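Undergrad: One structure coming up, written as structure tokens, with questions to follow.
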Amino acid sequence: MRNRLSHLAVISALLLCWASFGSAQELSIVGSWRVNETLSEDTDEAVEAAILEAGGKVSRNWFRKKEKGRYRGGPAEQEVYDRLSYDPVLRIEIDGAECWFGYNDGFQRVFHTDGRSRSVEASDLYANGAKDFAMGDWEGETLFVEGRPRDGGFTLETYTLIDEGARLRVDLELKPANFGAAVRLTRIYDRQ
């Protein structure tokens with residue numbers, strides 16, 4: 001009996017340590033982040049690469065400098081793609097399994113990492129309008145997020161702390177429903 005109690009105590013202690021390690025990793029990503037333009041890939045170039053991969057053409061003007069952010073904008077159903085790939089500031093808050101990501105102009109995304117599912121009936125989509133949806137999962141120190149924007153496309157996002165927590169690496173695969181190929185890019189953020 002005494003042996004069982006000591007084994008139970010050891011197992012309980014290990015579980016508590018594992019749980020606190022997981023929440024410490026999740027909390028280390030919390031904060032305000034600003035994109036590092038020098039270390040990040042250019043969003044416009046990534047969009048052009050996707051257009052070319054899908055067999056499209058990119059207009060070239062050799063005599064005029066291209067405007068930065070030229071592919072930003074479009075229908076409201078695609079707003080989440082712009083927020084992920086163009087907004088310079090990302091604010092992250094975590095409360096248990098709920099993650100809150102804030103972007104420019106008060107745009108926010110809330111998703112959960114506890115495996116909860118969502119059911120939507122077709123009538124909901126037409127009656128109430130489609131909504132962006134995302135879900136996440138932690139694997140060690142990396143947060144994986146899969147999103148379903150309102151346009152019916154998808155996002156695959158990977159958030160990893162680098163440089164001893166001073167920077168956040170975000171690998172993105174963005175596939176709007178009307179694109180023939182996914183936009184792939186990496187953004188590096190500095191902790192503010």
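The values are calculated or read from the model by the stated rules, or taken from the named source; none is laboratory data. From a predicted model like this one, the values you see are computed outputs, not experimental measurements. Glycine also receives a Cβ, built like all others from the backbone with ideal geometry; neighbour counts cover every protein chain displayed.
Undergrad: Output the number of residues of the stretch 67-80 satisfying the condition of being farther than 16 Å from F111 by Cα and either among the small types (G, A, S) or surrounded by 14 or more Cβ atoms within 10 Å (Cβ to Cβ) (or both).
TA: Number satisfying all stated conditions: 9.
Undergrad: Are there any pairs, at least 6 apart or on different chains, whose C-beta atoms fall under 9 Å, with the first in the stretch 91-106 and loosely packed, with under 12 Cβ neighbours inside 10 Å and at pLDDT 95 or above and the second assigned to a strand (DSSP E or B) and of a type in the set (S, T, Y), and if so, which?
TA: Nothing qualifies.
Undergrad: Looking at the stretch 155-177 only, could you name the residues that are hydrophobic (A, V, I, L, M, F, W, C), surrounded by fewer than 19 Cβ atoms within 10 Å (Cβ to Cβ) and in contact with a strand residue (DSSP E or B) (Cβ under 7 Å, 6 or more places away or on another chain)?
TA: Once the filter is applied, which keeps residues that are hydrophobic (A, V, I, L, M, F, W, C), surrounded by fewer than 19 Cβ atoms within 10 Å (Cβ to Cβ) and in contact with a strand residue (DSSP E or B) (Cβ under 7 Å, 6 or more places away or on another chain), the stretch 155-177 yields L156, L161, I162, A166.
Undergrad: How do the pairs read when you match residues in the stretch 164-192 that are closer than 17 Å to E77 by Cβ and part of a strand (DSSP E or B) with residues anywhere that are modelled with pLDDT of 95 or more and of a type in the set (D, E), using Cβ under 9 Å and keeping only pairs 6 or more apart or on different chains?
TA: Short answer, once both residue conditions are applied: L174/E157; V183/E173.
Results for (1) farther than 20 Å from W33 by Cβ; (2) in contact with a helix residue (DSSP H, G or I) (Cβ under 6 Å, 6 or more places away or on another chain), shown as yes or no for each residue.
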residue: K131; (1), (2): yes, no
residue: G136; (1), (2): no, no
residue: F144; (1), (2): no, no
residue: P149; (1), (2): yes, yes
residue: G152; (1), (2): yes, no
residue: T160; (1), (2): no, no
residue: A166; (1), (2): no, no
residue: N178; (1), (2): yes, no
residue: Y189; (1), (2): no, no
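Undergrad: Something else about it: Tell me yes or no: at least one residue of the stretch 44-55 is over 23 Å from F154 (Cβ atoms) and assigned to a loop (DSSP other than H, G, I, E, B).
TA: Scanning the stretch 44-55 turns up no residue that is over 23 Å from F154 (Cβ atoms) and assigned to a loop (DSSP other than H, G, I, E, B).
Undergrad: Check G180, G152 and return the single one that is of a type outside the set (V, I, T), on the phi > 0 side of the Ramachandran plot and surrounded by fewer than 21 Cβ atoms within 10 Å (Cβ to Cβ).
TA: None of the other options fit; the residue is G152.
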